[in-house]
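In what follows, a single structure is set out as structure tokens and then discussed.
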Amino acid sequence: MLRTLMTTVAASAILVSGAALAQDGDPIKVGVTAVLEGTYTVLGEDGMRGFKLAMKQHDETAGGRKIEYVLAPTDASPDSAVRAVRKLIEQDKVDFVIGPLSGSEGIAVRDLAKQYPDVTIIDAASGAQETTYVNPSENYFRFNMDGAQWGVGLGDYVANEKGWKFVASVAEDYSFSHTNFLGFAKEFCDAGGEIVERFWVPLGTKDFASVIAALPDDVDAIYLGLGGGDAVNFLNQYQQAGGDANLIGGTIMVDGTVLNSRGSAKDALVGTPASSGQADTWDDPDWQAYVKAYQDAYPPEERFASPSLLATNYYNATTAALTCLDNVDGKLGGGDPEFRQCLSTLELDAPNGPIKLDENRQAIGTNFVIEVVEQDDGSLATQVVKKVDGVNQTLGMSKEDFDKMGRPGRDVPDC
């Protein structure tokens, strides 16, 4: 299921500096970070399920060596991510790192990576555009698309298929949500849509009363770029206030981490269009096999009905790492040149579609326009409306035209 386009590098041509190659019989120690505190805790928990599933499928060995891991929890803040990764490298002496999860964490860890050029860091799930597009670090690899890539297809679908031309938005005010919104808004505005008003709220907002009261009535729909506890809090309060507008979901607004939350507020999402790097009910055999493996690996009370996007991202990042460890016979050290060459050229037949990396070591992959549906057992899931293959970080535009928009932010793109 996995194949690589590795370029053969003669061992004699590899210059090893700094740390010596680890002994072949020693375990490989992997550092992992996950958000396990705060509003995104549920995302981190499922991310770790994806990591452990990939480890289990690989028998916790790679390149003929046992794999051990050290977990460093974070709270989604950049400072906590930097502390976690620094600890893994300096105190736990890990061979490489898989992490972080959240958008602004990724930017901070990208910068930190430059201080440790001999340590390979494989992004676990974070989705800010800047992480790999602006001043990328040569030892930082990302096998998931960024938030803007996850927005591809949605703006066009909403404007041209749904006929919704006037939209207000409510989203978390940080790098991932800015990036995810850009992917939607660029297409929506190009299709003649108008974003009437934008509301940005801090990550971890509990009281949405003032925002809900200020939402305009004369719009066709409301875009919600929220996730985790923020998404659930908004839905509860919006329903209590009698809100009944059409909704458009940001990627993590309709992820399993929200659709499987307790309470009935999430039922307001039935029929909501969104976009994501996966779709729960996709009938692709590889996807279905992955879903079954996830379900079989954990008791129903300890997992979601279907893996969340966070689980899939962690799973793919870990699978890529283990595949390349096999490819280099478990040999690491001195900047890991062969390991990094493998990561750079790997073509991953991931369960949510093929993934390869661009020149900035950023994923090019498949995106899905989806809608939330209620299944026969009453649970909620996402189904495919449209699949978009080969989505790159400039969204199919030339770099020059893409850069003219500016970096994702509160007012970018200007509709």
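Key figures
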{"read-out": "Close pairs (7 angstrom Cβ cut-off, 6 or more residues apart or separate chains): among the charged types (D, E, K, R) in segment 178-192, assigned to a helix (DSSP H, G or I) and open to solvent by 30 Å² or more (accessible area, probe 1.4 Å) anywhere", "value": "E187/D156"}
{"read-out": "Residue list for segment 340-369, restricted to those being crowded, with 23+ Cβ neighbours inside 10 Å and part of a helix (DSSP H, G or I)", "value": "C342, L343"}
{"read-out": "Qualifying positions in segment 196-228 - aromatic (F, W, Y), outside any strand (DSSP E or B) and within 23 Å of the chain's Cα centre (by Cα)", "value": "none"}
{"read-out": "Scope segment 199-215; condition open to solvent by 50 Å² or more (accessible area, probe 1.4 Å) and in contact (Cβ under 8 Å) with a residue 60 or more places away in the chain; matching residues", "value": "L203"}
{"read-out": "Of all residues making up segment 51-84, the number that are open to solvent by less than 20 Å² (accessible area, probe 1.4 Å) and within 12 Å of L101 (Cβ to Cβ)", "value": "7"}
{"read-out": "Top-ranked residue of segment 229-268 - restricted to ones that are of a type in the set (A, V, I, L, M, F, W, C) and open to solvent by 30 Å² or more (accessible area, probe 1.4 Å), ranked as farthest from the chain's Cα centre (by Cα)", "value": "A241"}
{"read-out": "Check on S137, polar (S, T, N, Q), part of a loop (DSSP other than H, G, I, E, B), open to solvent by less than 10 Å² (accessible area, probe 1.4 Å) and within 19 Å of F339 (Cβ to Cβ)", "value": "yes"}
{"read-out": "Residue check, D220 closer than 20 Å to G153 by Cα and without any contact (Cβ under 8 Å) to a residue 60 or more places away in the chain", "value": "yes"}
{"read-out": "Cβ pairs under 6 Å, 6+ apart, first in segment 350-368 and free of Cβ contacts under 8 Å to residues at least 12 places away in the same chain and at negative phi, second assigned to a strand (DSSP E or B) and open to solvent by less than 10 Å² (accessible area, probe 1.4 Å)", "value": "none"}
{"read-out": "Restricting segment 376-386 to residues that are open to solvent by 70 Å² or more (accessible area, probe 1.4 Å) and touching a residue at least 40 places away in the same chain (Cβ under 8 Å), the residue that is nearest to Y157 (Cα to Cα)", "value": "K386"}
{"read-out": "First in segment 242-257 and assigned to a strand (DSSP E or B), second anywhere and open to solvent by less than 10 Å² (accessible area, probe 1.4 Å) and among the polar types (S, T, N, Q), Cβ under 7 Å, 6 or more apart", "value": "L247/T272; I248/T272; G249/T272"}
{"read-out": "Contacts under 8 angstrom Cβ, first residue in segment 140-162 being touching a residue at least 40 places away in the same chain (Cβ under 8 Å) and of a type in the set (V, I, T), partner assigned to a helix (DSSP H, G or I) and open to solvent by 10 Å² or more (accessible area, probe 1.4 Å), 6 or more apart", "value": "V152/E187"}
{"read-out": "Members of segment 391-409 that are under 22 Å from G192 (Cβ atoms) and either open to solvent by less than 30 Å² (accessible area, probe 1.4 Å) or touching a His at 6+ places or on another chain (Cβ under 8 Å) (or both)", "value": "F402, G406, P408"}
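The values are calculated or read from the model by the stated rules, or taken from the named source; none is laboratory data. Quantities reported herein were computed from a predicted structural model and do not represent experimental measurements. Counting neighbours? That spans all protein chains shown, and the Cβs are built from the backbone with ideal geometry, glycine included. The accessibility values were calculated without ligands, DNA or RNA, using every heavy atom of the protein model including side chains. Shrake-Rupley method; radii C 1.70, N 1.55, O 1.52, S 1.80 Å.
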